[in-house]
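The next block holds one structure in the form of structure tokens; read it before the comments.
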Amino acid sequence: MEEKKKSLRGFAAMSPERQREIARKGGESVPNEKRSFSQNPGLAAEAGRKGGQNVNPAKRSFSQNHELASQAGRKGGHASHGGAKAKTEAESE
């Protein structure tokens with residue numbers, strides 16, 4: 001059987017760094033006052049609840065495993081506060 005090679009185009013052909021750079025530009029193009037979740041945490045929480053309710057309860061891993069939810073929260077907190085980024089910049093000096 002002959003394997004079909006799939007050509008990588010667009011985002012798939014770019015390095016992860018380039019993909020992040022492009023995605024960041026998309027987020028930066030929206031002015032702060034139009035970012036509704038950053039202006040209204042209640043709206044963000046409501047959207048999160050709605051999304052969670054659309055998932056089968058048996059597949060809600062965080063509700064089944066609180067330690068997993070805690071680990072994910074810590075990981076997200078470190079990422080959003082520049083934990084990994086700060087290390088990379090410090091290492092480059």
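A quick yes/no check of all residues on (1) at pLDDT 80 or above; (2) surrounded by 10 or more Cβ atoms within 10 Å (Cβ to Cβ); (3) more than 19 Å from the chain's Cα centre (by Cα):
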{"position": "4", "(1), (2), (3)": "no, no, yes"}
{"position": "17", "(1), (2), (3)": "yes, no, no"}
{"position": "26", "(1), (2), (3)": "yes, no, no"}
{"position": "38", "(1), (2), (3)": "no, yes, no"}
{"position": "41", "(1), (2), (3)": "yes, no, no"}
{"position": "45", "(1), (2), (3)": "yes, yes, no"}
{"position": "58", "(1), (2), (3)": "no, no, yes"}
{"position": "70", "(1), (2), (3)": "yes, yes, no"}
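Checking the structure you have, find out if any residue of region 14-23 is part of a loop (DSSP other than H, G, I, E, B), on the phi < 0 side of the Ramachandran plot and of a type in the set (Lys, Arg). So that I can check it myself, show each step before the final result.
Step one: filter region 14-23 for residues part of a loop (DSSP other than H, G, I, E, B), giving 14-15.
Now drop any that are not on the phi < 0 side of the Ramachandran plot, which leaves 14-15.
Okay, now just the ones that are also of a type in the set (Lys, Arg), so none.
Scanning region 14-23 turns up no residue that is part of a loop (DSSP other than H, G, I, E, B), on the phi < 0 side of the Ramachandran plot and of a type in the set (Lys, Arg).
Taking the stated definitions as given, is residue 21 free of Cβ contacts under 8 Å to residues at least 24 places away in the same chain and within 20 Å of the chain's Cα centre (by Cα)?
Answer is yes for this residue.
Looking at region 7-23, can you tell me whether even one residue there is among the aromatic types (Phe, Trp, Tyr) and under 24 Å from residue 73 (Cα atoms)?
Within region 7-23, none of the residues are among the aromatic types (Phe, Trp, Tyr) and under 24 Å from residue 73 (Cα atoms).
Pick from 50, 85: which is in a helix (DSSP H, G or I), basic (Lys, Arg) and either touching a strand residue (DSSP E or B) at 6+ places or on another chain (Cβ under 7 Å) or modelled with pLDDT of 70 or more (or both)?
Among 50, 85, only 50 is in a helix (DSSP H, G or I), basic (Lys, Arg) and either touching a strand residue (DSSP E or B) at 6+ places or on another chain (Cβ under 7 Å) or modelled with pLDDT of 70 or more (or both).
The values are calculated or read from the model by the stated rules, or taken from the named source; none is laboratory data. Model, not experiment: these values are computed from the prediction. Note that we place each Cβ from the backbone using ideal geometry, even for glycine, and neighbour counts take in every protein chain shown.
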